[in-house]
Each structure stands twice: as structure tokens, then as C-alpha cells.
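The values are calculated or read from the model by the stated rules, or taken from the named source; none is laboratory data. Bear in mind the structure is a predicted one, so any value in this text is a computation, not a measurement. Cβ atoms come from the backbone with ideal geometry, glycine included; neighbour counts cover every protein chain shown. Only protein heavy atoms, including side chains, enter the accessible area calculation; ligands, DNA and RNA are left aside. Shrake-Rupley method; radii C 1.70, N 1.55, O 1.52, S 1.80 Å.
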Amino acid sequence: QVQLEESGGGSVQSGGSLRLSCAASGSIYGAYCMGWYRQAPGKERDGVAVIDSIGNTIYADSVKGRFTISQDNAKNSLYLQMNNLKPEDTAMYYCAASPAKYRWNVGNYCSGDYDYWGQGTQVTVSS
């Protein structure tokens, strides 16, 4: 069982930066995926960025070049550096974790669904 807690959200002006942190307790055996999701009012929860056990990353097109996901395994922490923030980035941001899935011809990979979620941290970007 993994518990996640986000922090670092807040209100910033368009073009500003923010760094979100996710502190994890517990661990996942073997390959894993960790990611950041966000949900704006009235909308579905969407993936923002994912990082796997060996450091591979993937980003939503909307945040490529602006956001950077990283992890500090020794500190059991996940981060999301958000630069050049836009009003459309306004959302509740959630940290997520899950064991990696496996297919013989693919190997380990991260799916769009996660088993563990944090409580969320609000990010508001004003224009």
C-alpha cells in the first residue's frame, strides 16, 4: 500500500513557475509508474506527465516543453516543475503511483490508470 501527499500548489500569474512535490510512503515492488494528473472543474482527470522506474518520461502535448517530471528515489519523492504557466493549467493536481504493466513484446509500460492517488493540490493561474 502506497500513500501519496502533494504540496506546492498555489496561485501564480500567467508565465510564472511553480514546483509541485509528492511525498510517498510505502513502496511498490519491481517496476512502477508515477505520474501527475490534473482535473479542472467540470472536466475529466487528465494525465500530465509520467515517469517510470528507470526514468523514462512522457508528457501530455499541452505541457511539453513547459513541465518537467522528476523523482528522487532516495527521498521517495516525485516532483513536477511547471514553467510558463498558462490559465488553462488551472486545475487540481494529483500525484499517482502504480505498478507497471507488462506485455511480453513490450515489456513494462505505464497505463493511463493508477492504483494510488494523493489528495491533490490546487494550482491556479491567473491571466
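Considering only residues in segment 43-61 that are of a type in the set (S, T, N, Q) and in a loop (DSSP other than H, G, I, E, B), the one that is surrounded by the most Cβ atoms within 10 Å (Cβ to Cβ) turns out to be S53.
From the set of residues in segment 4-31 that are more than 14 Å from D72 (Cα to Cα) and modelled with pLDDT under 95, which is surrounded by the most Cβ atoms within 10 Å (Cβ to Cβ)? This residue is I28. Of the residues making up segment 98-123, those that are assigned to a strand (DSSP E or B), over 16 Å from S21 (Cα atoms) and open to solvent by 30 Å² or more (accessible area, probe 1.4 Å) number 6.
In the set K75, K101, K64, only one residue is closer than 23 Å to T124 by Cβ and not hydrophobic (A, V, I, L, M, F, W, C); that residue is K64.
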